[in-house]
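First up is the structure itself, then whatever we jot down about it.
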Amino acid sequence: MRADAARNLEAVLITGARMLAADPGASIASIAAEAGVDRRTVYRRFSCREELLAAIYESRVTAIERAIEDARLREAPVAVALHRYVENIIAVNRTWPVDLARMLADDTIRRRRDACIAEVDAFLRRATDEGLLRRDQPEGWAGPLLPELVNLVAHQQKHLAPGKAADVVVDTFLHGVGAS
């Protein structure tokens with residue numbers, strides 16, 4: 001793929017993710033216009049909105065996989081890996097704010113996402129085994145809590161750069177919001 005075509009495709013996918021998150025009825029023509037490309041360019045690549053959505057979901061899952069890989073959850077020191085993972089996922093959530101429920105209707109995407117969740121769950125068990133996380137919490141508590149905190153900061157604290165936003169999430173995740 002030519003460099004300009006790759007840039008156009010990326011612009012369409014990122015713009016489409018943002019616009020469809022804000023308005024699920026956004027048209028391909030409006031997405032193309034916002035991305036700065038001709039709608040015919042988009043229609044040559046995607047014959048319908050569902051194909052565009054599938055490409056957006058694919059891009060989001062690929063970004064999540066890269067975020068996990070970059071965090072080095074299996075080999076980096078747990079505190080470093082946790083912060084790197086959170087920072088990366090905040091960036092993914094801000095770039096690809098698509099509705100996860102619709103994304104999971106695709107079996108391949110769901111399997112890839114489930115593999116990502118399993119990787120993070122294994123990391124959280126490692127973090128517990130190595131003493132970063134408390135052992136007295138209910139089984140499976142940390143796994144669903146972390147993405148909720150990440151999602152909150154990604155969308156409600158947009159003024160914070162991903163690194164600073166990760167600081168907030170990791171501190172809250174590890175120490176809570178209590179004064180003691």
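The values are calculated or read from the model by the stated rules, or taken from the named source; none is laboratory data. Only a predicted model underlies this, so the values are computations on that prediction, with no experimental measurement involved. Note that each Cβ is placed from the backbone with ideal geometry, even for glycine, and that neighbours are counted across all protein chains shown. Just the protein is used for accessible areas: all its heavy atoms, side chains included, with ligands, DNA and RNA removed. Shrake-Rupley method; radii C 1.70, N 1.55, O 1.52, S 1.80 Å.
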For the stretch 1-32, name all the residues that are in a helix (DSSP H, G or I) and loosely packed, with under 15 Cβ neighbours inside 10 Å.
ALA3, ASP4, ALA5, ALA6, ARG7, GLU10, ALA22, ALA29
Given (1) modelled with pLDDT of 95 or more; (2) open to solvent by less than 30 Å² (accessible area, probe 1.4 Å); (3) under 14 Å from VAL61 (Cβ atoms), ILE90 misses just (3)
Looking only at the stretch 51-83, which residues are open to solvent by 50 Å² or more (accessible area, probe 1.4 Å), without any contact (Cβ under 8 Å) to a residue 40 or more places away in the chain and assigned to a helix (DSSP H, G or I)?
GLU51, ARG66, GLU69, ASP70, VAL80
Among the residues of the stretch 102-118, which ones are free of Cβ contacts under 8 Å to residues at least 40 places away in the same chain and either closer than 14 Å to PRO147 by Cβ or not in a helix (DSSP H, G or I) (or both)?
LEU104, ALA105, ASP114, ILE117, ALA118
ALA165 - would you say it is touching a helix residue (DSSP H, G or I) at 6+ places or on another chain (Cβ under 6 Å), at pLDDT 95 or above and either surrounded by fewer than 16 Cβ atoms within 10 Å (Cβ to Cβ) or assigned to a helix (DSSP H, G or I) (or both)?
yes
Provide a single number: the residues in the stretch 139-162 that are open to solvent by less than 80 Å² (accessible area, probe 1.4 Å), assigned to a loop (DSSP other than H, G, I, E, B) and not hydrophobic (A, V, I, L, M, F, W, C).
2
